[in-house]
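J.: There's a structure below that I have some questions on.
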Amino acid sequence: MKKMKQFAALALTLVLTACHHTEPGRTTTQADTSAGREPSSALAYHPENGGLNLPDGFKAVVVADKLGRVRHIDVDENGVLYARLASDVGGQGLIRLSDTNGDGIADEKLYFGDGKGTGIQVHRDFLYYSTDEAVYRMPLKSEEGTESTEGELIVSLPRQYQHAAKSIALDGEGNLYVNIGAPSNTCQKPDRQPGVPGQDPCPLLENSAGIWRFNATVKDQQFEDGQRYATGIRNAVGITWNTANKTLYAMQHGRDQLHSHWPELYSEEESAELPAEEMFEVQEGDDFGWPYCYYDQRKNKKLLNPEYGGDKEKTGRCGDKEDPIMAFPGHWAPNAITFYNAASFPPIYRGGAFIAFHGSWNRAPFPQQGYKVVFVPFKGGKPTGTYEDFATGFAGAGGEVESPGDADYRPCGLAVGPDGSLYISDSVRGRVWRIVYTG
């Protein structure tokens, strides 16, 4: 009975707040606000920006706190925020946050939906979301004669014991893209053992380590109904469709344990910095090289992994794999990417990409890094220079932690609202920030 009441309440709220259709093909995470609304002057900015350090001219509102382990987020055309939970709260794995008085703080919080996971996106009249084993969608508006808010299964996906998060992106042309991470470090058998060579060819590439494309509107698809769009990607928790150039982008988590598995080749310091976390521009048919290759950002090239005969110098079969369009230091753990196709931030930000780094565990014995949101300027679909820190302070005082569990916050999700605000979610304490440019 309690669950039925929650669903009924959600259906009523969604009907009342949904006012008009999203333009076909538009995704709300990248809404074009060039003719849109300005941020409200009534926003209740946090006096310390919710613990964040931001560039001059930017302020933060703490939208909500203590929500649970929030992963990815999205915002609809009316400014209503939806969040996905890694661990359910009271049996529910989705949250709807509404600000009814214009101060930016969510005064209505509704938990709904079964299951837990990572991916979420508002697309046209539906809320798409994923568990570790499937993608579902739920109507945002009640059709005449129905008030069901139960999710309908779009596609069933493989069950994995590591790198299980199924992040998603939609292209506005009827396609759904799903990250299927490799359930492995470098395709060893047994996995993650010192000195063990990698399987060659790697059998995991058949059903994982890539991005698969499915029909976004057909229900009850099986994994076999999809098409492998790109391969050789170890795990891309952050993927997004850039509406400006109609291209898919992905952020790869690089491999682990170079020193502990191959101490004769890699020092602890090299293992902390290598390999790079890679930003990919993803075209159909691309092969980015995992598990045979890794990217050395210091040498600006892909090299053979030691599991496949690499010695820190050999390129071998990696010479014909796709390179990243930008590389970042190792083990920062990029968990989200979104493009800023809006107009309320200064011109330098328009068309560029924000990336949320979640922080990792594999830089020991050195302090962990990441735990920040960076900005990469773009032009013509390509980065025009290096990245710059945009939001820091997530890790807490001092900015360095010995392990991920020591961090105050870990940025995990990003979304751009209809007024051009940037939203950031945290997976530790369940905080959501709204970043606004005030000049």
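J.: Would you mind calculating the relative contact order of segment 2-437 from Cα pairs under 8 angstrom and at least 6 residues apart, reporting the percent as a whole number?
T.: Relative contact order, segment 2-437: 17 percent.
J.: Students often get this wrong: which residues of segment 327-360 have the backbone nitrogen under 16 Å from the point 7 angstrom along Cα-to-C-beta of E388?
T.: Under cut-off, by backbone N: 340, 345-355.
J.: Evaluate the distance, in nm, between pseudo-label points positioned 7 Å from the Cα of K312 and of A364 along their respective Cα→Cβ axes.
T.: Going by the 7 Å Cα→Cβ label model, 2.3 nm.
J.: So which lysines can K379 reach, going by Cα to Cα under 21 Å and dropping same-chain residues fewer than 8 places off?
T.: Within the straight-line limit of under 21 Å, K379 reaches these lysines: K246.
J.: If each residue of separation counts as 0.36 nm, what is the full-extension length gain between Q283 and D200 once their alpha-carbon separation is subtracted?
T.: 27.4 nm
J.: With each pseudo-label sitting 7 Å past Cα toward Cβ, what's the N101-K299 distance in nm, one decimal?
T.: In this crude label model, N101 to K299 measures out at 6.0 nm.
J.: For K314, give me every one of the lysines with a C-alpha distance below 25 angstrom, ignoring sequence neighbours fewer than eight places off in its own chain.
T.: K314 reaches K189, K299, K301, K302.
J.: Once you sort the root eigenvalues of the Cα gyration tensor of segment 299-352 as a ≥ b ≥ c, which label holds: rounded (a/c under 1.5), prolate (a/b larger than b/c) or oblate (the other case)?
T.: Because a/c hits 1.5 or more and a/b exceeds b/c, segment 299-352 counts as prolate.
J.: Continuing with this model, one more query. What is the fewest-to-most order of F288, F378 by other Cβ atoms lying within 10 Å of their Cβ?
T.: Least to most surrounded, the residues fall as F378, F288.
J.: Continuing with the same structure: If R0 is 22 Å, what FRET efficiency do you get for R192 and L265 from their C-beta distance, rounded to 0.05?
T.: 0.85
J.: Excluding D287 itself, what net charge comes from residues whose Cβ is under 14 Å from its Cβ, given Lys and Arg +1 and Asp and Glu -1?
T.: -3
J.: Between segment 241-258 and segment 386-416, how far is it from one alpha carbon centroid to the other, in angstrom?
T.: Their Cα centres are 19 Å away from one another.
J.: Along Cα→Cβ, 7 Å out, is where each label goes; now give me the distance between the ones at V218 and I348 in nm to one decimal.
T.: Rounded to a tenth, the inter-label distance reads 4.7 nm.
J.: Across 10 Å bins from the origin, how do the percents of Cα pairs in segment 380-439 run, short distances first?
T.: The calculated distribution, bin by bin, is 19, 40, 32, 9.
J.: Can you give the extra length, in nm with one decimal, that the chain gains between E173 and K141 once fully stretched, where that is 0.36 nm per residue apart less the Cα-Cα distance?
T.: Between E173 and K141, full extension yields an extra 9.5 nm.
J.: Taking just the alpha-carbon atoms of the chain, what radius of gyration and Dmax come out, in angstrom?
T.: 21.0, 68
J.: Counting Lys and Arg as +1 and Asp and Glu as -1, what is the net charge of the other residues whose Cβ lies under 13 Å from the Cβ of R159?
T.: In short, -1.
J.: Rounding to the nearest 10 and keeping the result within 0 to 90°, find how far the Cα-based axis of helix 2-17 lies from the longest principal axis of the chain.
T.: Once rounded, one gets 80 degrees.
J.: Under 1.5 on a/c is rounded, so check that first for segment 294-426, then, if it is not, pick prolate when a/b is larger than b/c and oblate when it is not; a ≥ b ≥ c are the square roots of the alpha carbon gyration tensor eigenvalues.
T.: Because a/c hits 1.5 or more and a/b fails to exceed b/c, segment 294-426 counts as oblate.
J.: Turning to a different aspect of this structure: Express in nm, to one decimal, how much length is gained between Y161 and E402 on full extension, taking 0.36 nm for each residue of separation and deducting their alpha carbon distance.
T.: Additional length available on full extension: 84.2 nm.
Laboratory data are not the source of any read-out in this text; all were calculated from the coordinates shown. Please read these numbers as outputs of a predicted model, since none were measured by experiment. Glycine gets a Cβ as well: all are built from the backbone with ideal geometry, and neighbour counts include every protein chain shown.
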